[in-house]
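Here's the structure, in structure tokens; my notes come after.
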Amino acid sequence: MALKPEFVPPKPVRRAHFDDRALMAVGIPAFGLTIPLFSGLLQLEAPGITPDQGPFWAGMGWFVGLAFCIWWGNRWLLFKQREHWDWFAQPLRKLSMLVAACTLYTAPLTIAWLAAWYAALGAPTDWAVVRIVALTNVICVIFVTHAYETLFLIRERESDALQLAQLQRLRSEAELAALKAQVDPHFLFNGLNTLGHLISHDARTAREFCDCLAEVYRYVLANGRREQVPLADELNFVRQYFRLLELRFGSDAVQLDTPPELPAGRLIVPLALQVLVENAVKHNAVAADQPLRIGIALRAGDALHVHNARRPRQGPAPSTGVGLANLDERCKRVAGRGLRIEQDALHFAVEVPLLS
């Protein structure tokens, strides 16, 4: 069994946040100036409180200060609540705490602030105006808090989507690494199995086979863990691998046809052709009087067509259970599409995707 690579979790995505300085720079003055202008607190027609007098601008500054305290206080309360309650886990408690915090902070602050304003003017407190302003402020604060929460939820959704994409990418990479880790022992198993067969029948050929196997295995070690290799390199490798088959079965028993010309810049999953050639030999009868011909041809410029005649061999061949299924999964993860298998009673063919 191939060892699965250690899964490295992604770096945690930071808690959703956004820069609200521009929103405060516009919202606080607008909120502060709207309070006195639409509630009649400055009484623009009254003598002594007109735009050309100091008390008018002092009042503007006073109510902008009220807006600042209301905004910053509720903002602080909102951030603190986000540390303890979540909309999805505790929606009712979250809603009740937001409304309670907005009301119990904004209303008393507004009442005290306006009472101080009337006292500074030396005028009696107009409690009807105070109640209207306090209620208006609470409603506005709830609306702004809702806007903040909406922005937070949007950012959290973006963060969740990013984290999910990271997890899916890392899981796919880990699974692909596990698939590639199966290639080396699979190849070595079949090579040693063939070598064992030759040793018991032809020691001289076994020696040549061993030397050839070492050369071929260098390619496996160098490229087996890569996601893709040049098509020309892969074809040269499968020709070298085919020499191992000729040493085992005889040059008259197996034949390989490869394309004379290759498209420039094309890539392929490493060891793909070796797996298909090996699969053809493993499942079909091989004999000098009935040679097994394996053909490799280009198809539509974006795939290789590997085909052979079907002559099922007698008895099952030794196998690790790895082969086409492994190659199909690797192609899906690297090329975005898997193998395409075509077969009937006389022929078997596999189409392997190429990459640019």
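Is it the case, given these coordinates, that residue 131 is at pLDDT below 80, assigned to a helix (DSSP H, G or I) and basic (Lys, Arg)? No. Just one of the numbered conditions (1) in contact (Cβ under 8 Å) with a residue 60 or more places away in the chain; (2) of a type in the set (D, E, K, R); (3) assigned to a helix (DSSP H, G or I) is not true of residue 227: (3). For the stretch 303-311, the count of residues that are exposed (fewer than 13 other Cβ atoms within 10 Å of the Cβ) and part of a strand (DSSP E or B) is zero.
Checking each residue in the stretch 211-232 for being exposed (fewer than 15 other Cβ atoms within 10 Å of the Cβ) and in contact with a helix residue (DSSP H, G or I) (Cβ under 9 Å, 6 or more places away or on another chain) picks out 215, 221, 225, 226.
The condition of being part of a helix (DSSP H, G or I), assigned by TED's automatic domain parsing to the domain that holds residue 295, at pLDDT 85 or above and among the hydroxyl-bearing types (Ser, Thr, Tyr) holds for only one of 217, 241, that being 241.
So for the stretch 250-264 (the condition being of a type outside the set (S, T, N, Q), within 17 Å of residue 229 (Cβ to Cβ), buried (at least 20 other Cβ atoms within 10 Å of the Cβ) and in the same structural domain as residue 233 (by TED's automatic domain parsing)), does at least one residue qualify? Within the stretch 250-264, none of the residues are of a type outside the set (S, T, N, Q), within 17 Å of residue 229 (Cβ to Cβ), buried (at least 20 other Cβ atoms within 10 Å of the Cβ) and in the same structural domain as residue 233 (by TED's automatic domain parsing). Contact annotation: residue pairs with Cβ atoms under 6 Å, 6 or more positions apart or on different chains, pairing a residue in the stretch 78-94 that is among the polar types (S, T, N, Q) with a partner that is at pLDDT 75 or above and surrounded by 13 or more Cβ atoms within 10 Å (Cβ to Cβ), are 81/97.
The values are calculated or read from the model by the stated rules, or taken from the named source; none is laboratory data. Note that the structure is a prediction, hence the values are computed from the model and not measured. Methodologically, a virtual Cβ is constructed for each residue, glycine included, from the backbone with ideal geometry; neighbour enumeration extends over all protein chains shown.
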